[in-house]
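Written out below as C-alpha cells is the structure these notes cover.
The values are calculated or read from the model by the stated rules, or taken from the named source; none is laboratory data. Quick caveat: nothing in here was measured; it's all calculated off a predicted structure. Methodologically, a virtual Cβ is constructed for each residue, glycine included, from the backbone with ideal geometry; neighbour enumeration extends over all protein chains shown. All accessible areas refer to the heavy atoms of the entire protein, side chains included, with ligands and DNA or RNA removed. Shrake-Rupley method; radii C 1.70, N 1.55, O 1.52, S 1.80 Å.
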Amino acid sequence: MLRAELERRSYQVVTQTSPAAALRELADSDFGVVLSDLSMHGMSGVDLCREIVLLREDTPVIVMTAFASIESAIASIRAGAYDFVTKPFDPDDLVMTIDRALRHRELREEVKRLRHAVSELQPFDDMIGESAAMKKMCQVVARVAESDATVLVTGESGTGKELVARALHTRSTRASGPFVAINCAAMPESLLESELFGHVKGAFTDARAARPGLFAKATGGTLFLDEIAEMPMGMQAKLLRAVQERVARPVGGDVEVPFNARIVAATNRDLELEVEQKRFREDLFYRINVVHVQVPALRMRENDVLLLAQSFLQRAQSSGHTRVVGIKSAAADRLASYPWPGNVRELQNCIERAVALAQFDHIGVDDLPERIGQYKPSRISLALEGADPSTFLPMEEVERRYIGQVLEALGGNKASAARVLGVDRRTLYRKLERWGKDGAGSSRDELSHPLAGAEGRRHHAAC
C-alpha cells in the first residue's frame, strides 16, 4: 500500500522484505531516502540504521514503527536515522518527511561539493571562484605574474584587489622579497611623500634620523599602491618620475636613490574618466596601466557567492568558536539572489555576523541581515502578449531603466557602459544629467524575459 501511494505521487520506489536484501540493494544502487520498519526479523531497524550509515553515509533513513516510545525514537536517531514516524501515519505527513529528508541530502551534497571546490581553488592565493569571470581574471594574473610589468588592478570596493596584488607577488620571481602596501587615500600629501620616498635627517621638525621610504623597502619585491586615484596631483608628478626612472629622492635630500621593485597599483575609480576630467595625470595613467587586471564584481560571478560563503564558514569553524556547520537552503537562495553592492567584503561580514547570531547548527534566513534576508529583486517583464496595455512603459522609461541596469552591472563605470550601449560617452552623460544624479533609475530594476517549462526533479525512495 505504501509503495502504491508513493508511486502515485511520482516517486520511484524499490521494496525489499528483509534488512539483508535491503543492504545488498543499497550496496549496488544509490537511493534518495530509505524508509525502514523498526521491528523486523533478523535485524532491527536501529541496527539497520547503523549499517546504512557505514554503507551510505549521505542516505537519510526514516524509521517507521507502531511502537511509539521515546526510547525507540532516541535509539534510532542515535543510530543515525534522519527522522522517526509512528504508525498509523497520514500519507501527506509521510511525504512531507520524505521531502525534508531529500532536501537535507541535497544540502549535504551541495556542502560537500562546495568544500571540494573550495579546496580545489584554494591554491590560487585565496582567490576563490569557479565562474567564467574569475577564471578569466586568474588566467591573466597567472600569465603576467612572472613578468616585471607594472600592473593596474581595477574593481569595485570590496572585490579583493589587494588579493590580486598579493597573487601577482607570490607567483612572481620576487616572491621571496617583501610585499609592501600603502593606501594612498589614508594620509595627507606631505606624509605620503615621506612614506614613499623616505627622508633625510633634519628634513622637517620631527626628522631626528634618516628613514628609508617604501620604494627602498620594497626593493627585490613588490610595492602595492592602493587607491592610487586618491593621490594628490602634486604627488602624481613625483610618482611618475619614480616609476619611470626607478629612482626615489628622499624628502630633504639631494641624491636620488635607485630602487628595484615591481609596481602594482589599484583603484575603484574609472581612471580614464579621471584623466578626462583632469583629476589624474594622463602620462602617469599610461605608465601604470601597462597591464590591466579587472576584478569582477560579485554580482557578475554567477555561483561564486555560495563558494565564498562556504569558505568564510570554514574559516569560522577552524577557529573552534562556533557550532555552525552549514547553510540552510532558504538562506542559500537569499545569498545567491542578493546583488552584493559591497562585494566580497560585504559577504564576508554577512557570514561572520550570521555565524555569531545563529541559533542552530545551520545558518537560516533569520540569521542574515534584514536587507539580505528580505531582499526581493524587482523585474520588468518584456512579455507583452496578452498584457494589459495600461501597464506598458514609454520608450524613454524603458531606456532609462535599461541604462540603469547596465550601469549597475558595470559598477557605475560610465565609460564601459557607453561602450556596451554603443553610444558616445557624452550622449550617455547628457541622458544621465536629464534624469538626475549619476544613475538611471532604480539600481535594481531589471529587464527580463520570462522562462517557462522548468523540468522537475525525480526522487528515488527505497521502502
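Values for this structure:
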quantity	calculated
Estimated FRET transfer efficiency (Glu256, Lys278; beta-carbon r; R0 30 Å; 0.05)	0.60
Cα centroid separation - region 392-429 against region 271-333, whole Å	24
Segment Glu352-Asp99, extension gain: residue separation times 0.36 nm, minus the distance between their alpha carbons	88.1 nm
Under-5 Å amide H pairs with Val251, H placed in peptide plane, nonlocal only	Gly198, His199, Val200
Furthest towards positive pole of dipole, Asn413, Ala265, Gly158, structure part the chain, Cβ charges	Ala265
Relative contact order (%) - the chain, alpha-carbon pairs under 8 angstrom, separation at least six	16
Net +/- balance of residues flanking Asp361 in space, Cβ distance below 12 Å, scoring K and R +1, D and E -1	+1
Tilt relative to the chain, helix 233-245 - C-alpha long axis, 0 to 90 degrees, to 10	90
Tilt relative to the chain, helix 395-409 - C-alpha long axis, 0 to 90 degrees, to 10	90
Carbon/sulfur fraction of accessible area - region 186-288, other protein chains in place, 1.4 Å, %	49
Dipole magnitude of region 127-209 about its Cα centre (Cβ charges: Lys, Arg +1; Asp, Glu -1), debye to nearest 20	320
Once exposed loop chymotrypsin sites (Phe, Trp or Tyr not before Pro) are cut out (DSSP; at most 14 other Cβ, 10 Å), longest piece of the chain	205-359
Calculated FRET efficiency for the pair Leu2/Thr150, C-beta based, R₀ 56 Å, to 0.05	0.20
Under DSSP loop assignment and at most 14 Cβ neighbours within 10 Å, longest GluC sites (Glu not before Pro)-free interval of the chain	147-384
Leading residue at positive end of dipole, the chain (Cβ point charges), from Thr222, Trp340, Ala242	Ala242
Unit charges at the beta carbon, dipole of the chain: most positive-side option, Ser172, Phe197, Ile403	Phe197
Accessible area of the chain divided out per residue, in Å², using a probe of 1.4 angstrom	53
Debye, to nearest 20: dipole size of region 55-114, +1 on Lys, Arg Cβ, -1 on Asp, Glu Cβ	240
Share of pairwise Cα separations in the chain, more than 34 Å, in percent	54
Using alpha-carbon coordinates, inclination of helix 19-28 to the longest axis of the chain, degrees	40
Assigned charges on the beta-carbon of Lys, Arg, Asp, Glu; the chain dipole about Cα centre (debye)	1220
